[in-house]
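All remarks here apply to the structure that follows.
All of the numbers you see were taken from the coordinates with simple rules; none came from a lab. Everything numeric in this text was worked out from a predicted model, so none of it was measured. Every residue, glycine as well, gets a Cβ built from its backbone with ideal geometry; the counts of neighbours run over all protein chains shown.
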Amino acid sequence: EDQVTQSPEALRLQEGESSSLNCSYTVSGLRGLFWYRQDPGKGPEFLFTLYSAGEEKEKERLKATLTKKESFLHITAPKPEDSATYLCAVGAGGSARQLTFGSGTQLTVLP
Amino acid sequence: GAVVSQHPSRVICKSGTSVKIECRSLDFQATTMFWYRQFPKKSLMLMATSNEGSKATYEQGVEKDKFLINHASLTLSTLTVTSAHPEDSSFYICSARDGAGIYEQYFGPGTRLTVT
């Protein structure tokens, strides 16, 4: 059974204080590792897809990396507007191509 | 691109009535749409997967007679909560993916359902 574990559950940072969020996964036949951002009361917003170990993707202050067992979302010099819940998901084999989501990391960036 | 809309964004209904939620892909054709439920401070719980023109596949524990899903076209899926009860109050989110080989899902803004 595919499993996704995110840590920490919650993270409070001062503005400008860089950090990383972790997503550990167990899946047979990874078809992609996905990062989403979710603001309160809204649907998740797609950020990145990573397909193979060693791959990295960047968007503004965010950089996602992937190994064979986990993914990191690095946040460099965060701003208060980066406060949100960050969700990680994996896609595995199967005709439905469903995603298995982790429970998320709630990030708060204080001014 | 890859915009998904949901309507309504909020709905309040009385216990025993039915509520329909629409999910539309605005700028792409969605071969598959997904319906999720999210409880406060919890992650997404997949309810069902629907493909255009065929019956939805429901996850274990989800009552298919209570949560009716119709995927009538490549841009529209609907979720009808029948005979709603207060315990059905939740945040419902749809997503859509484009293309047979694609895994990325694009999410709608969600619908907050409150059953009184």
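Annotations for the structure displayed:
- A:Phe46/A:Gln14 FRET efficiency (R0 25 Å; Cβ-Cβ; nearest 0.05): 0.35
- Cα gyration tensor shape of the range A:28-72, rounded if a/c is under 1.5, else prolate or oblate by comparing a/b with b/c: oblate
- Amide H contacts under 5 Å for A:Ser83: A:Val109, restricted to partners 5 or more places along the chain or on a different chain, H placed in the peptide plane at 1.01 Å from N.
- J(HN,Hα) series, the range A:102-111, from Karplus relation 6.51 cos²θ - 1.76 cosθ + 1.60, nearest Hz, glycine and proline x: x, 7, x, 10, 8, 9, 10, 10, 8, x
- Ranking of B:Met33, B:Met47 by count of other Cβ atoms within 10 Å, fewest first: B:Met47, B:Met33
- Fewest-first sequence of B:Cys13, A:Cys23 by Cβ atoms within 10 Å of each Cβ: B:Cys13, A:Cys23
- Amide N proximity, the range A:29-46 versus B:Thr57 label position 7 Å along Cα-to-Cβ, cut-off under 18 Å: A:29-32
- Distant-in-sequence amide contacts of B:Thr32, defined by a placed amide H-H separation under 5 Å and a gap of 5 or more residues or a different chain, comprise B:Arg97, B:Gly99.
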